[in-house]
């Protein structure tokens, strides 16, 4: 089987999909497709020996049973522009190949992230790393946006002043805030991309990186629609139960008393109801 060409993917190559106020995601290149996944799984068969329905069934079987190596045959290269604080969360996915713009060599642009008014929230009381649903007064939202914008303007002015005094770029940049935009080329295979999407499209993830993950998933669907549909069915829309939780589930189904050690029963029941961990 030769080079995989997907017409839907070809149509969006190099197209910028906006994210946040000044960011974007762009598909630079791709290698492989749904066909490459099934070809890798059926390594002894030629192209076209199976029907679409059989290919779909095979891809679902592979993903459902965690046979991941055929998905590693598909690769994506993205050009992404995001705030530095998003990039620092993103880079924790160490299975990617990354090349980021360097503030040692380049003069960084005067581009900063400012949240939308509706995204300004209080700190959650129950979640140490999350946001509360308690409404923030409009007056306080205005103050937050004003403070953020003032700090960004002041820090970039200081950066420019240091550059004008011919201070080394690698030193002039050190006070720039996390809201500054950075850019990188980010390459990852489909198996690891699915892991990234599982974590970063989850409601626990920070809202800003979720926005990027959703756009990347929409792009991936153009390249591998069957595999992405299988991901939605078996990974994104699924929940994992522990051994003790499975015993409790059997109790529920059999109409017997439910005893769950190490976890409040209410949380377990909510997990069943919502299909996600709180």
Quiz item: Taking residue 162, is it without any contact (Cβ under 8 Å) to a residue 40 or more places away in the chain, surrounded by 12 or more Cβ atoms within 10 Å (Cβ to Cβ) and part of a helix (DSSP H, G or I)?
Solution: yes
Quiz prompt | Count of residues meeting criterion [surrounded by fewer than 16 Cβ atoms within 10 Å (Cβ to Cβ), in a helix (DSSP H, G or I) and in contact (Cβ under 8 Å) with a residue 12 or more places away in the chain] in the stretch 55-69 | solution = 2
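Which of the residues that make up the stretch 179-205 are under 19 Å from residue 114 (Cα atoms) and either modelled with pLDDT of 95 or more or part of a strand (DSSP E or B) (or both)?
Correct list: 179, 180, 181, 182, 183.
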Exercise. Would you check which residues across the stretch 223-245 are over 26 Å from residue 30 (Cβ atoms), surrounded by 13 or more Cβ atoms within 10 Å (Cβ to Cβ) and in contact with a helix residue (DSSP H, G or I) (Cβ under 8 Å, 6 or more places away or on another chain) and list them?
Key: 241, 245
Practice problem: For the stretch 214-228, indicate whether the set of residues that are at negative phi, at pLDDT below 95 and assigned to a helix (DSSP H, G or I) is non-empty. | Solution: no
Quiz item: If the Cβ limit is 9 Å and pairs must be 6+ apart or interchain, which residue in the stretch 70-98 that is outside the structural domain of residue 30 (by TED's automatic domain parsing) pairs with which residue that is in a helix (DSSP H, G or I)?
Solution: none
Exercise. Please indicate, with yes or no, whether at least one residue in the stretch 251-267 is farther than 30 Å from residue 88 by Cα, in contact with a helix residue (DSSP H, G or I) (Cβ under 8 Å, 6 or more places away or on another chain) and at pLDDT 95 or above.
Key: no
Quiz item: So which residues in the stretch 87-115 are modelled with pLDDT of 95 or more and closer than 19 Å to residue 201 by Cα?
Solution: 87, 88, 89, 90, 91, 96, 115
Quiz item: Would you pick out the residues in the stretch 77-131 that are farther than 15 Å from residue 210 by Cβ and part of a helix (DSSP H, G or I)?
Solution: 84, 88, 117
Exercise. Being surrounded by 14 or more Cβ atoms within 10 Å (Cβ to Cβ) and free of Cβ contacts under 8 Å to residues at least 40 places away in the same chain narrows it down to one of 140, 148, 180, so name that one.
Key: 148
Exercise. Quick one: which residue in 20, 31 is on the phi > 0 side of the Ramachandran plot and modelled with pLDDT of 95 or more?
Key: 20
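The values are calculated or read from the model by the stated rules, or taken from the named source; none is laboratory data. Bear in mind that the values here come from a model prediction, so they are computed numbers and not experimental data. Here the Cβ is made from the backbone with ideal geometry for all residues, glycine too, and neighbour counts use every protein chain on show.
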